[in-house]
Number of protein chains: 2
Amino acid sequence: MRELPAGHPLQVGRTSASPLVTTYQGVRGDSTPVWFMRQAGRSLPEYRDLRVGTEMLDACLNPEMASEITLQPVRRHGVDAAIFFSDIVVPMKLAGVDVSIVPGRGPVLGNPVRTAQDVRDLPTLDEAALAPISEAVALTVAALGDTPLIGFAGAPFTLAAYLVEGGPSKDHLAARTLMHSDPDAWAELMQWTATITGAFLRAQILAGASAAQLFDSWAGALSLADYTSKVAPASALALSRVHGLTYGGDEAGGGAGAAGTRAVGTESAAPGAHGDTATTNPTRTVPIVHFGVGTGELLKAMHDVGADVVGVDYRIPLDEASRRLGGTVTLQGNIDPALLAAPWPVLEAHVLDVLARGKSAPAHVLNLGHGVPPETDPAVLTRLVEFVHAQN
Amino acid sequence: MRELPAGHPLQVGRTSASPLVTTYQGVRGDSTPVWFMRQAGRSLPEYRDLRVGTEMLDACLNPEMASEITLQPVRRHGVDAAIFFSDIVVPMKLAGVDVSIVPGRGPVLGNPVRTAQDVRDLPTLDEAALAPISEAVALTVAALGDTPLIGFAGAPFTLAAYLVEGGPSKDHLAARTLMHSDPDAWAELMQWTATITGAFLRAQILAGASAAQLFDSWAGALSLADYTSKVAPASALALSRVHGLTYGGDEAGGGAGAAGTRAVGTESAAPGAHGDTATTNPTRTVPIVHFGVGTGELLKAMHDVGADVVGVDYRIPLDEASRRLGGTVTLQGNIDPALLAAPWPVLEAHVLDVLARGKSAPAHVLNLGHGVPPETDPAVLTRLVEFVHAQN
């Protein structure tokens, strides 16, 4: 196929027929698409070389560097999607919150949010501050051709957990305590995190991302009752900012190399209505994936906030996940990252088991059940992609 | 009631009719017994005063200090049981493993166990080294009178996770990787941890503990398949060391103040057979509680390794936990520790909900769904005990 100039609208338009996007839309293809959470970053030597001397958040906010890091695993592994290289706390940083990422520890807040006044004192995100994100996404989709880019954002609860804890935490007790001890402050905090992270994800789609994944990394710390009443409304609010956005198709129906006009990230006539209005063509609405760790009890609730695809960690098998979702929801997952260091026959048997169980869902995108561990041998990931693509 | 001299066997014998022990045996009393995981320790000012200048593992191995710390919350809160103050890594330490507890971080190993050779190099536990534990337990039960002492031990997987990771970890990836990359080394490691932790728990019962709780703190990181095939056999092996041990009853049937002969921690004629032989009187077999965090998917498997009572964290309600256990298993739990800092009416409503849902099980001991947070106001715990005792 002839190469189009970088940034040509048709290049982005091609993703509408890509295995990833069509599978996210519930259509099974000849083979199962595959990408890896945290594929961009710490497991790749070319990433470690590039990052020397640059702090994590500075790398996220440097459009050329963020784009290059996003592209590295696509070049190396031949995965079916790029995932935008960023961090959950980036929209907080852009809003003016004092946050940094401490190597080996994670995000650390200068002033944890513990009171109603702390919540009221949170700064407002000027959406113009998202320019470096839009620029990085535009650079990336121009270079990706017909490989789709997945936008990235943390869910409101996970952002709130960092804000309240002031840093990483095992049980997110301070956040869960605020939830119950001051429900009004909690609601206001969730509204704030939903607003900034919704804007962050929206900017990525408007700049050309073909899909979006909301990471509620710590939702597994919650009971279903707390998730439903104290968290889900904010996740739905964040996703309402990206519902109704359309991506990479042309009016004639799109497809690889198809001609047509396209505005990157246009809005449908009914923004906020999720795939159920006459003016929104569901085949061109940006598909949304929702993922959390240890969320076997929450899968249905996490779907119900407005996701198209549910990501499943490694703790429950995909056939059980599909059963809990009524057998009608496309799944993503769920290779156990611990198996990446096992002898190949052990990993291969696990992959075949995951693929077989994934058949119980309408469609399935293979992924890990958690991020790529830093010490993973990249060659194993490359081999895994080839192996998955060779299966039916 | 006349006070018996400290250490008199009858004093220990009284616990057979205690609300805790009878409830653990599946008999509902007039009110619900209550104790708190981590009630002994960091939330109490008298504990913090006592610990000044003494390292954690030194405190655990000083019989007078360990006993005093164990007794403090019983005096203060009027809970229905003492839980032996110790740490999951104590049996490793007594076996000669280089382990220390770093304040604010947790257990840290001098030499993490990563290879088959590392496993073979693990030292053998000389059970004579458990003398300070037996002494602390004996001092404690002598002082407790008719309040039962619950023995404490970590489950083999949780010990193995610390040994392999070399310290605390969020996802226990190194341990779960070894499990799959070298199954033989893993099996040998689990046999080793089962042996030392089984001996640790057994010593506590022989010295007078009336019940035992096995903490598999990190089992929630496992899929059911991995738990069942790679972990459960070792947990069963550890518990086989305490099955068939009898406690605090006299031959005539026991009861508060009842006379009779008693050998503390005698073995039944059929050690290893769990409550299903003619020679073991189930009303005098030491009841075993099994608890883990985030183990909603594993409850039945955790019961099946040989537990009498299953502890439930705060993530799923007790009626759902009881349903998963077939409605026949006594439960312990499951107040959300995050609610301890909420206004009293919020906590009270939560407690009443937990008590109501606990009625779906044959019997129920109230506890938290995780340990007492360090910053908990002790007065809230005291009030909670009074409140629970006042309910029917």
Exercise. Using a cut-off of under 15 Å, list every residue of region B:302-331 whose amide N is near the label point 7 Å from the Cα of B:LYS359 along the Cα-to-beta-carbon line.
Key: B:318-320
Quiz item: Hey, rough spin-label estimate for B:ALA379 and B:ALA187, points 7 angstrom out along Cα→Cβ, what's it come to in nanometres?
Solution: 5.8 nm
Quiz item: Non-local amide H neighbours of A:ASN111 (under 5 Å, H modeled in plane, Pro and chain starts lacking H): which ones?
Solution: A:ASP98
Quiz item: So what does A:TYR24 come to for accessible area, using a 1.4 Å probe and Å² rounded to 10?
Solution: 10 Å²
Self-check item: the protein assembly as shown: antiparallel DSSP beta bridges as a percent of all, rounded to 5
Solution: 20 percent
Quiz prompt | Summed buried accessible surface, chains B and A, 1.4 Å probe, nearest 100 Å² | solution = 2300 Å²
Practice problem: Rounding to the nearest 20 debye, state how big the charge dipole of region B:284-388 is about its Cα centre with +1 on each Lys and Arg Cβ and -1 on each Asp and Glu Cβ. | Solution: 340 debye
Quiz item: Taking θ as phi - 60°, what are the ³J(HN,Hα) couplings along region A:114-122 by the Karplus curve (6.51, -1.76, 1.60), each to the nearest whole Hz, with x for Gly and Pro?
Solution: 10, 10, 4, 5, 4, 5, 5, 7, 5
Quiz item: Quick one: if you stick a label point 7 Å off each Cα along the C-beta vector at A:ASP30 and B:TRP344, how many nm between them?
Solution: 7.1 nm
Practice problem: Please give the per residue accessible area of chain A, computed with a probe of 1.4 Å over protein heavy atoms only, in Å². | Solution: 35 Å²
Practice problem: Work out from phi, with θ = phi - 60° and the Karplus expression 6.51 cos²θ - 1.76 cosθ + 1.60, the ³J(HN,Hα) of each residue of region B:315-320, listed in order in whole Hz, and give x for Gly and Pro. | Solution: 6, 10, x, 5, 5, 5
Quiz item: When each copy gets a label point 7 Å from Cα toward the beta-carbon at B:ARG323, what are the spacings between them in nm, shortest first?
Solution: 1.4
Practice problem: Using only protein heavy atoms and a 1.4 Å probe, report how much of B:GLU55 is accessible, in Å² to the nearest 10. | Solution: 120 Å²
Exercise. Could you please state, rounded to a whole Å, how far the C-alpha centre of region B:335-375 is from the C-alpha centre of region A:349-375?
Key: 37 Å
Quiz item: From the label point of A:THR54, set 7 Å from Cα along Cα→Cβ, how far away are the matching label points in the other copies, in nm, ordered shortest to longest?
Solution: 5.4
Practice problem: Search the structure for amide H atoms under 5 Å from the amide H of A:ASP146, placed 1.01 Å from N in the peptide plane, and list their residues when 5 or more places away or on another chain. | Solution: none
Quiz item: How large is the helix-only mean residue ellipticity at 222 nm for chain B, computed as the sum of -39500 (n - 2.57) over DSSP H runs with n ≥ 4, divided by its residue count, in deg cm²/dmol to the nearest 500?
Solution: -11500 deg cm²/dmol
Quiz item: So what is the relative contact order of chain A, in percent, for Cα pairs below 8 Å that sit 6 or more residues apart?
Solution: 22 percent
Self-check item: Cα-centred dipole magnitude for region A:2-390, charges only on beta-carbon of K, R (+1) and D, E (-1), debye, nearest 20
Solution: 460 debye
Exercise. Find every distance from the label point of B:ASN392 to the corresponding label point in the other copies (7 Å from Cα along Cα→Cβ) and write them in nm, one decimal, shortest first.
Key: 6.7
Quiz item: In peptide B:167-176, how many Cβ atoms from other protein chains are near each Cβ within 10 Å, on average?
Solution: 4
Quiz item: Counting Lys +1, Arg +1, Asp -1, Glu -1, what net charge surrounds A:GLY358 among other residues with beta carbon under 11 Å of its beta carbon?
Solution: +1
Exercise. Take the cross-link list B:LYS300/B:LYS359; A:LYS359/B:LYS300; A:LYS170/B:LYS359; A:LYS170/A:LYS230 and give me the ones stretching past 22 Å between alpha-carbons.
Key: A:LYS359/B:LYS300; A:LYS170/B:LYS359
Quiz item: Counting Lys and Arg as +1 and Asp and Glu as -1, what is the net charge of the other residues whose Cβ lies under 10 Å from the Cβ of A:SER322?
Solution: +2
Quiz item: Cα atoms only, region A:76-171: Rg and Dmax in Å?
Solution: 15.8, 49
Self-check item: Long-range HN-HN contacts of A:ASP216 with modeled amide H, under 5 Å
Solution: A:ALA155, A:PHE291, A:GLY292
Self-check item: Residue among B:SER67, B:ALA219, B:SER322 farthest towards the positive dipole end of region B:2-390, charges placed on Cβ
Solution: B:SER322
Practice problem: For chain A, return all DSSP H helices satisfying: extent of Cα atoms along own axis at least 30 Å; mean Kyte-Doolittle hydropathy at least 0.0. | Solution: A:183-206
Quiz item: Hey, with R₀ at 25 Å, roughly what FRET efficiency would A:ALA128 and A:ASP98 work out to, going by the Cβ-Cβ distance, to 0.05?
Solution: 0.80
Quiz item: Average partner chain C-beta neighbours within 10 Å, per residue of B:290-300?
Solution: 2
Practice problem: At 1.4 Å probe size, with no ligands or nucleic acids counted, give the accessible surface of A:ASP377 in Å², nearest ten. | Solution: 80 Å²
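The values are calculated or read from the model by the stated rules, or taken from the named source; none is laboratory data. Bear in mind the structure is a predicted one, so any value in this text is a computation, not a measurement. With ideal geometry, Cβ positions are generated from the backbone for all residues, glycine too; neighbour counts draw on all protein chains shown. With ligands, DNA and RNA removed, areas are computed over all heavy atoms of the protein, side chains included. Shrake-Rupley method; radii C 1.70, N 1.55, O 1.52, S 1.80 Å.
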